[in-house]
Amino acid sequence: MWKWLHPYAKSEQAFRLCGRLLPWLSISAVLILGAGTVWGLAFAPSDYQQGDSFRIIYIHVPSAILSMGVYSAMAIAAFIGLVWQIRTATMAVAAIAPVGAVLTFIALFTGAAWGKPMWGTWWVWDARLTSELILLFLYLGVMALYQSFDDKQQGGKAAGVMALVGVVNLPIIHYSVEWWNTLHQGATITKFGKPSIAPEMLWPLLLCILGLALASAAISLYRFQSELMRREMHRPWVKALAEQEHTHAV
Amino acid sequence: MSRPWQALLSRELALAFRQKSELLQPLIFFVLVISLFPLGVGPGPQMLQKIGPGVIWVAVLLSSLLGMERLFREDFNDGWLEQMTLSPVPLSLVVLIKVLSHWLTCVLPLLIISPLLALFLNLTADMYQALLITLLLGTPLLSLVGATGVALTTGLQRGGVLLSLLLLPLFIPLLIFATSAVDAAALQLSYNGQLAIIGALLLLALGLTPFATAYALKVTQG
């Protein structure tokens, strides 16, 4: 496993691997996310209690789950970068952070828009909402720390330390609905045994989650490629690649 | 190992007491922020009692941030920190001593002055007792976690706002548990659970942050 993975720590190999994965990821993301959204928004039965406004679940829940999933991915990359001193991993931290920040913002925004008709308020200082807001601040902190270093090598390491320190918040968000009994409802699909949601509503939701995960992965990889190019501008392989592109264009 | 430990601590304390004006700054800021609240929200004793614990805790967070910014900066600028990195004393021990002296010189005065504030904000004896215990358990946690954030921004020219962006989100869980303990005390309820969580966080921070801070200091020195 290690022998198989190790070549990808080199930036050029990582760049090529991303190039090979990207078309597959983006095409399947568009197809699955498209299918899930259309199924969920147009064809799934409406809720007996909430009517059609429950359909925002097909955007809210996937983005909320992935806002945490993306943070874990970023923290794992940070851990790899700090422990084994792999430069490409710290670049991945910088590439992933804005994706997670956008997902967190979408989750907060759709949550507010869903909360208005259901709970009669845009925002409450409920445990889950507050901890999700902290997650947004953590992403912004990682991004700001990375940006404020002129030496990106140093900045990547510093952002990695910050990302790891923030991991403390993940269990707090996940268990917030169980520890504090506040306005936000409990988990519906992630509990063991039978999920408390009808299967014809569940399937499009699962498709949306998978599709958004693929889309986040694709966007992260694309950003990772750009980050690699930007950081390795002076390297011969980037120059060769640029010349190759140029001759293709002409 | 006891001698470098003592030498470091006495150096830090001597440095702190030679800069008396900087020593007083967080304290004055703390009293000022708290005395603004009765003017801002109205001097009703009921109201002040209700918001008191939260106000004191937020003021502690902000004024400890104020003093923390200087934790490593001067030592970084004059090269002392680099010498410490090269010396046989483990850097995490240096960090721990610096955090301890920061807590003794910047945070302990806040705790000593807190009975006065409890009087200002009309806290009952039970509430004050809970507040003092949460402050005693919680402020070392602030200094430990804060040191990691300060170490990450030490090499930067403009660290101020960035430091608050990095640290305040991490302090929110502590704020929630501490104020909920004081609220429970106001209702004559037991608040051992909240204290246990704060204590657990403190132990976790005590075990991990000196190493994270030492690593962050090595990163900022390149």
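A short reminder: the numbers here are calculations on the coordinates, not readings from a lab. This one's a predicted model, so the numbers in the text were calculated from it and none came from an experiment. Cβ atoms come from the backbone with ideal geometry, glycine included; neighbour counts cover every protein chain shown.
Residues considered: A:68, A:162, A:233. Largest GNM mean-square fluctuation over chain A, using C-alpha springs under 10 Å, is found at A:233. Using a Cα distance threshold of under 27 Å, what count of lysine pairs results for the protein assembly as shown when pairs must be 8 or more residues apart or interchain? Counting lysine pairs in the protein assembly as shown gives 13. Rg/Rh, computed from the Cα trace of chain A with Rh as the Kirkwood radius, has the value 1.02.
Averaging the sequence gap over all C-alpha pairs within less than 8 Å and six or more residues apart, then dividing by the number of residues, gives region B:12-119 a relative contact order of 41 percent. Based on C-alpha pairs under 8 angstrom that are at least 6 apart in sequence, region B:4-221 has a relative contact order of 27 percent. Its alpha carbons give region B:61-122 an Rg and a Dmax of 15.6, 52 Å. Among B:137, B:123, B:36, the largest mean-square fluctuation in a Gaussian network model of chain B, built with springs joining Cα atoms closer than 10 Å, belongs to B:36. When chain B is treated as a GNM with alpha-carbon contacts under 10 Å, the residue of B:147, B:125, B:178 showing the greatest mean-square fluctuation is B:125. Rg and Dmax of region A:37-141, both derived from C-alpha coordinates alone, stand at 16.8, 54 Å.
By other beta-carbon atoms within 10 Å, ranking A:58, A:8 with the fewest at the front produces A:8, A:58.
Could you list A:130, B:154 in order of exposure, starting from the residue whose Cβ has the fewest other Cβ atoms within 10 Å?
Ranked by crowding around the Cβ, least crowded first: A:130, B:154.
When only alpha carbons are used to place a centre, region A:227-250 and region B:24-53 end up 60 Å from one another. Each residue in A:248, B:102 was given a count of other beta-carbon atoms within 10 angstrom of its own, and listing them fewest first yields A:248, B:102. Angle of helix A:11-38 to the longest C-alpha principal axis of chain A, folded into 0 to 90 degrees and rounded to 10: 20°.
Taken along its three principal axes, the alpha carbon spread of region B:164-216 comes to 44, 24, 8 Å, from the longest extent down to the shortest. If you take the Cα centroid of region B:106-149 and the Cα centroid of region A:88-156, the two points sit 30 Å apart.
Axis angle, to the nearest 10 degrees, between helix B:160-186 and the longest C-alpha principal axis of chain B: 40 degrees. Treating each Cα of region B:1-75 as one equal point scatterer and applying the Debye formula with no solvent, the log10 of I(q)/I(0) at q = 0.11, 0.14, 0.15 Å⁻¹ comes out as -0.44, -0.61, -0.66. Dividing the alpha-carbon radius of gyration of the protein assembly as shown by the rule-of-thumb value 2.2 N^0.38 Å gives 1.11.
Counting only alpha carbon atoms, the long axis of helix A:87-119 and the longest principal axis of chain A meet at about 20°.
The sum of -39500 (n - 2.57) across all DSSP H runs of n ≥ 4, divided by the residue count of chain B, sets its helix-only mean residue ellipticity at 222 nm to -28500 deg cm²/dmol. Residue by residue along B:208-215, Cβ atoms of other protein chains within 10 Å of the local Cβ number 2 on average.
Across region B:4-221, the convex hull enclosing all Cα atoms gives 115 Å³ per residue.
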